[in-house]
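Quick notes on the structure that follows.
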Amino acid sequence: MPEQRTRRMPVLAQDSSVRRDDGGILTASVSVPWEGLGGGPAGHRVQVIDYDATTDTMYAPAEVGDGDVPDPADDTEILGDPAFHARNVYALAMRTLARFEYALGRRVSWCFSAHQLKVLPHAFQEMNSFYSREAQSLVFGYYHRGDEPVFMCLSHDIVVHETTHALVDGLRSRFMAPSSADQAAFHEGFADIVALLSVFSLGEVLYKLIARGPEIPDKDGVIPRSAVTAESLKQSVLLGLADDMDAESGAARVNALRRSVGLDPDPNVLERIEFGEPHRRGEILVAATMRAFVDAWIRRLEAPEATMTDFIEVRRVVEEGADVASTLLTMAIRALDYTPPVHLEFGDFLSAIITADSEIRSEDTKYGLRQGLLDWFAAYGIRPASGRDDGRWDPSGFQLASEGVHFGSLQTDPVEMFRLVWANRAELNLAPSAYTRIASLRPCIRTSPDDGLPLHETVAECLQYVKIRASELSLYGLDKPLGMPDATEIALEGGSTLILDDYGRLKYEVHNRLPDPDREKDVDRAQRRLQSLWEQGHFDQGASFAARLAMMHRLRAGEPTVPRNEVW
Ligand SMILES: [Zn+2]
């Protein structure tokens, strides 16, 4: 066994249209966890299978030796060698998985029982790529521009976006279920945020985008401080990336980035009709987060320890930007553990990101990211769901009676956790007649940057479910939407995320409970969801998860919405 714990692999920094000054494709070297790889590459979490359904071709599995993977010889290898494509998707999917595991302080599993996510880099000839839970796969299409093939598996942001769908689905399986407009938008907006921050955490890309101006000689050069402002970084880095990205390989995603950056703050934007569509609504989340990113970056460049001269080193601008991108990425991923298990709204995510970060980083003076997120989300009409000025969730106001429960088992045994939950069902406001289960139980260890000490937590998702007819809605305080037949079957879901400390004490209970006539807030939210699902015609169709996701991506690619059958 080699002693190295990581392996360096070359990947495309963004896509084949983002070039170096000499015209060559811009690549970067990333670090992924070391493992002995089979042909494919096939690792213990990600298995590349290079089958092309359009041409019925099985490409030879790519081999990876024990050491670091050398850079590609030239652009011909990058564009023309299927084995390079296979290694590129493997490296980006594994890097994204490793980022999630680092941020969450534990292993992260997929939504399905298999341990390996299959990745098909040349799945079919179509301008489409998506994650399929049913096929346990990420599939990437390709298409032709003139005689030249364009491979979507070579777009850094697309690969990370699809991998993020798979990871979020593994962490919160109910977030793909029909719910509020926010929840559908969250999957898309969050995947875009992770993709963008993944690209920006590569110094190579930031340098290339910042160094466009003719006045910048080289990496060791300096630029006037006056040229580095939030507005200039927005233009050069955020819009610059959109300008450079291969518009054809996803005109929609390039436009989405451009629209997100150009979306002016408006506290009423969520109410606008056009932002009811999931991708457009997701752009609001991207806009608020990326503005907080740029502000924190500027804050670092103006930090007191910086030498206050009229010029600033390009290297420093790049390093600070990559550091802020990486920090914000970790915060965004950690937030997932602090979200309710069902019916997520943007305000829940905001409270989750602030609380999760506050638990591990006591001070936010270095980046000012928590306040920045609160301010920018507010500018787009998103208020923390906790209702508190500091955005944090309220700490649990009670302790769970733990009589007879073994704390040791509590961290790993769902039955023991269910015993604890059931014993405390009154305090947790669980509806005793509903079907109740522990959907996940995850012990985690995160390291605090404050003192380097480990923070132990156990995160449990408790879900409740009842199936009723429309005529019974009033029992839950809900009004039947106008025109809904009495016999319509409706599934109501509620749930709590319980966060326990290392002594088994309840720190937070983050919930969206089943509606109850005595709890106005839960009823209000449930009524809005019910109304919106009814208006969208949800109760008429049983569209599968894969069909919905594929459909959403096809809508984004601007293609006709003809459902396509899975072909592998
Ligand atoms: Zn997507």
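Any read-out appearing in this document is the output of simple, stated calculations on the displayed coordinates, not a laboratory observation. Treat the numbers as computed from the prediction; the structure is a model and nothing was measured. When we count neighbours, we look across all protein chains shown, and the Cβ atoms used for this are built from the backbone with ideal geometry, even at glycine.
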Study note, to complete from the structure: Between the alpha carbon centres of segment 42-92 and segment 375-451 the gap in Å comes to 42
Check your understanding: So, in nm, how far is label Ala73 from label Arg8 when the simple model puts each one 7 Å beyond its Cα toward the Cβ?
Key -> 2.1
Exercise for review: Set Lys and Arg Cβ to +1 and Asp and Glu Cβ to -1, take the dipole of segment 134-193 about its Cα centre, and tell me which of Ala191, Ser173, Ala135 lies farthest positive.
Suggested key: Ser173
Review point. Given segment 113-244, what percent of its DSSP beta bridges are antiparallel, to the nearest 5?
Key: 60
Review point. For labels at Ala378 and Arg19 in the simple 7 Å Cα→Cβ model, what's the distance in nm?
Key: 4.6
Exercise for review: Report the relative contact order of the chain, percent, no decimals, based on alpha-carbon pairs under 8 angstrom and at least 6 residues apart.
Suggested key: 13
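Roughly how many debye, to the nearest 20, is the charge dipole of the chain about its Cα centre, given +1 on each Lys and Arg Cβ, -1 on each Asp and Glu Cβ, and no other charges?
So the dipole magnitude of the chain works out to roughly 1060 debye.
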Point to revise | FRET efficiency, 1/(1 + (r/R0)^6) with R0 41 Å, evaluated for Met58 and Thr412 via beta carbons | key: 0.50
**Study point:** Unit charges on C-beta of K, R, D, E only; dipole of segment 230-381, Debye
**Key:** 120
**Study point:** Directionally averaged shadow of the chain, computed from the convex hull of its alpha-carbon atoms, nm²
**Key:** 27.1
Review point. 222 nm [θ] for the chain, helices only, -39500 (n - 2.57) per DSSP H run of 4+, per residue, to 500?
Key: -11500 deg cm²/dmol
Check your understanding: Quick one: what Rg and Dmax do you get for segment 79-147 from the alpha carbons, in Å?
Key -> 14.1, 47
